[in-house]
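Reading through the structure tokens given below for one structure.
The values are calculated or read from the model by the stated rules, or taken from the named source; none is laboratory data. What you see is a predicted model, and the numbers here were worked out from it, not measured in a lab. Glycine gets a Cβ as well: all are built from the backbone with ideal geometry, and neighbour counts include every protein chain shown. Surface accessibility is based on the protein's heavy atoms, side chains included, excluding ligands, DNA and RNA. Shrake-Rupley method; radii C 1.70, N 1.55, O 1.52, S 1.80 Å.
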Amino acid sequence: MYKKSHAWLFLAPAGLLLLVFSVIPAFAALFLSFTKYDVINPAEWVGLANYKDLMGNSLFWKAMRNTAYYWILVTPALVVLPVFLAVLVNRGLAGVKAFRLIYYFPTLVSVVVTAFLWSWMFQSDGVLNYILSLFGAEPLKWLTSKHMVLPSLALVTVWQGLGYYMLFYLSGLQSVPEDLYEAADLDGAGFWRKQMVITFPMLRPVIFFVAVVSTMGAFKEFTLMMTMTQGGPLKASTTVVYLVFDEAFTKLHMGGASAMSFVLFLAILLLTVINKRYLDRE
């Protein structure tokens, strides 16, 4: 006979891992944000001093602006574009499975490998500038211009994430009743009209999920900045996570880094709540 205790037994292993590797470290980081700690010496309680220092830290606010800009570049693209990819590969056409694999393949590539691949393409004599030269355009300073570096990194993130989020939308599309599209066809609705009045409303829960996950991914992105730009040029690609890494493991300012992490957590939480309320209202 089924007992409620059975469910708890099944949940226990995952719950224990979550507790040990997520919950406890999160509370430990929150505690460290109120201390002065450099790994070598014991933690010294300083109260809100780390947070007060953040308020006057110009580099932190620059990193926040960079992170917000990167999020604006990445998340809307990863929320909207995969929908259309999913609609394309949801059709019963010959060879559609091959296209699904092609679109998903970038997700299988390591982020480090992707970073090195795109770094080569972004070089002054790389593939992208060669293509631009065919049209008579001047070469762009993809990673060495403070105005181009974040859009360039966002392009890499979108390229690699399209296939991943496409799968979620594809799963959602396959649960949409075909009767709705057939009724729309009888009413003379075109392709775009059907997407606006059927596809997008029916995919609202998936859209919320993708928006939350892509937002978290954009705010936590670190590997591309570390591998491709090291936060440059002129700190133009220094995001909050990269700054946390630099403060914690280069300068050993664990307390200040923990305070930055908690502020970042609050920012992500706020955006998630706003996004949920907006979608609920719509």
message = Return the residues of the range 51-65 that are touching a residue at least 40 places away in the same chain (Cβ under 8 Å) and open to solvent by 20 Å² or more (accessible area, probe 1.4 Å); say none if nothing qualifies.
response = Y51, D53, L59, K62, M64
request  = Among the residues of the range 81-125, write down those that are touching a residue at least 12 places away in the same chain (Cβ under 8 Å), assigned to a loop (DSSP other than H, G, I, E, B) and open to solvent by less than 80 Å² (accessible area, probe 1.4 Å).
outcome  = N90, V109, F122
remark   = The lone condition M216 fails out of (1) within 19 Å of W71 (Cα to Cα); (2) surrounded by 21 or more Cβ atoms within 10 Å (Cβ to Cβ) is (2)
query = Do we find a residue being at pLDDT below 90, more than 17 Å from L162 (Cα to Cα), assigned to a loop (DSSP other than H, G, I, E, B) and small (G, A, S) anywhere in the range 4-25?
reply = no
task = Of the numbered conditions (1) assigned to a helix (DSSP H, G or I); (2) aliphatic (A, V, I, L, M); (3) loosely packed, with under 15 Cβ neighbours inside 10 Å, L234 fails exactly one; give the number of that condition.
result = (1)
task = Considering each of F209, F191 in turn, give the residue that is within 18 Å of the chain's Cα centre (by Cα), open to solvent by 60 Å² or more (accessible area, probe 1.4 Å) and not aliphatic (A, V, I, L, M).
result = F209
message = When the residues of the range 239-264 are narrowed to those that are of a type in the set (A, V, I, L, M, F, W, C) and without any contact (Cβ under 8 Å) to a residue 12 or more places away in the chain, which ends up surrounded by the most Cβ atoms within 10 Å (Cβ to Cβ)?
response = A248
task = May I ask you to verify whether A154 is touching a helix residue (DSSP H, G or I) at 6+ places or on another chain (Cβ under 7 Å) and either small (G, A, S) or in a loop (DSSP other than H, G, I, E, B) (or both)?
result = yes
ask   = What number of residues in the range 32-50 are charged (D, E, K, R) and either buried (at least 18 other Cβ atoms within 10 Å of the Cβ) or part of a loop (DSSP other than H, G, I, E, B) (or both)?
value = 1
query = If we scan the range 165-177, do we find a residue that is of a type outside the set (D, E, K, R), modelled with pLDDT of 90 or more, loosely packed, with under 11 Cβ neighbours inside 10 Å and not in a loop (DSSP other than H, G, I, E, B)?
reply = no
inquiry  = Give me the residue from the range 143-161 that is open to solvent by less than 40 Å² (accessible area, probe 1.4 Å) and among the hydrophobic types (A, V, I, L, M, F, W, C) and, out of that set, nearest to V213 (Cα to Cα).
reply    = V158
query = Just wondering, is there one or more residues in the range 182-189 that are touching a residue at least 12 places away in the same chain (Cβ under 8 Å) and at negative phi?
reply = yes
request  = Answer yes or no: is there a residue in the range 193-201 that is on the phi > 0 side of the Ramachandran plot and modelled with pLDDT under 90.
outcome  = no
